[in-house]
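Heads up: the structure comes next, in structure tokens.
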Amino acid sequence: MEYDKIEDCAKNLEDLDQEFKQLDELHKEYVTKLEAVGELQEKCVKQLNHHRYRLGIISKSLKKIRKKNEPNEVNKLFSEISKRKRQLGDIEQVLPKPNGLYLKIILGRLNVSILNKSDRFRYKDEYEKFKLVLSVIGFVLAVINLFTNVRVLEIILLFLLVWYYCTLTIRESILKVNGSRIKGWWRFHHFMSTVISGVLLIWPNTAPWYLFRQQFMYFNVFISIIQYLQFVYQQGVLYRLKALGERHNMDITIEGFHSWMWRGLSFLLPFLYAGYAFQFYNAYSLYKLSYHPEATWQVPVLAVLFFVLFLGNTITTSMVIPQKLQERMCNNKDDQRKKASDSDSKED
């Protein structure tokens, strides 16, 4: 709405001055409360660290005197300590946490803790969508490179992979600060993928590259398909975790298993292992190419890196599955006991 007379403009500006005074008072109240929240956060963090320090001392003392006392009494105290540690973990969820070394190097002292649960879930959701969008772009570029032989398109794909994996390492470090239980290998996997992409980017345009090029493009197409399947699976996991009010809704793919997740995971696992086998095939092909007369240092280095990826992914996934199966069996037993106790109470 516009005004035709200067008097109307002056009157509305005067009215706006009154509204600004209210805004200014509200802002002062906001700043005061914000400072108070900061002070409370510092006090809570100090007390939490002190509490954990004392629990550590008590735990060490109990281990030393375990043989001199009744095992039942000691186990009871250990159970109390475990319960208290879980309570401290719940408290820590809404307190700012210090950055890890990697984030300190990149971001300095900028705090990346997300204290609101809905904002954490939104960030995790954006992380998964970011992976999906980049996977689709990578899929399209890889398919185009399969049917064309334009060096510029190759460079664009390889540069995209370097940027993508670099970004993932930063985003996953932020997820780690905010409570994600992502295993160290999966983070290291993306650091290695960044290095592999970088080495591929500087690989000279020689005969060994052209012998490996087609296979690498097929590999990217297959990995993009797997990442899409992971996205579909993980979205279902995330929304179920949120609906059930689970604590660990910041976990990424392969983490955060529950009994009801295995139906989708049993479909995903064969694709994951096929991807690992493809990594081994890449390592084997590069190893053979390392004996080519025009092979440069990039070829044997890539062979070793792809083999390490294959080995690490296969071992880690294979170790996680029986662990989660055992947890599932324990959860089923607990559910059966609970149902049995409920039926007994109803009969009484």
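The values are calculated or read from the model by the stated rules, or taken from the named source; none is laboratory data. Please read these numbers as outputs of a predicted model, since none were measured by experiment. Positions of Cβ are generated from backbone atoms using ideal geometry, with glycine treated the same way; all protein chains shown enter the neighbour counts. What goes into the accessible areas is simple: the full protein's heavy atoms, side chains included, and nothing from ligands, DNA or RNA. Shrake-Rupley method; radii C 1.70, N 1.55, O 1.52, S 1.80 Å.
Quick look at the values:
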item	result
Scan of region 142-197 for residues that are over 22 Å from Thr316 (Cβ atoms) and free of Cβ contacts under 8 Å to residues at least 24 places away in the same chain, ordered by number	Ile144, Phe147, Thr148, Asn149, Val150, Val152, Leu153, Ile156, Trp163
Residue selected from region 181-204 under the condition of a type in the set (Gly, Ala, Ser) and farther than 18 Å from Leu132 by Cβ, by the criterion least open to solvent (accessible area, probe 1.4 Å)	Ser197
Odd one out for Phe139, checked against (1) open to solvent by less than 30 Å² (accessible area, probe 1.4 Å); (2) of a type in the set (Phe, Trp, Tyr); (3) out of contact with any Phe, Trp or Tyr (no Cβ under 6 Å at 6 or more places or on another chain); (4) at pLDDT 95 or above	(1)
Scan of region 142-170 for residues that are within 22 Å of Lys97 (Cα to Cα) and either surrounded by 18 or more Cβ atoms within 10 Å (Cβ to Cβ) or among the polar types (S, T, N, Q) (or both), ordered by number	Thr167, Leu168, Thr169
Qualifying residues in region 294-310 (those that are open to solvent by 50 Å² or more (accessible area, probe 1.4 Å) and in contact (Cβ under 8 Å) with a residue 12 or more places away in the chain) - the one farthest from Trp209 (Cα to Cα)	Val308
Single residue of region 74-90 satisfying the filter (open to solvent by 50 Å² or more (accessible area, probe 1.4 Å) and either over 31 Å from the mean Cα position of the chain (by Cα) or of a type outside the set (Lys, Arg) (or both)) that is nearest to Ser180 (Cα to Cα)	Asp90
Verdict on Arg109 being open to solvent by 70 Å² or more (accessible area, probe 1.4 Å) and either at pLDDT 90 or above or in contact with an Asp or Glu (Cβ under 7 Å, 6 or more places away or on another chain) (or both)	no
Candidates Lys97, Lys60, Lys21, Lys11, filtered to the one that is in a helix (DSSP H, G or I) and surrounded by 12 or more Cβ atoms within 10 Å (Cβ to Cβ)	Lys11
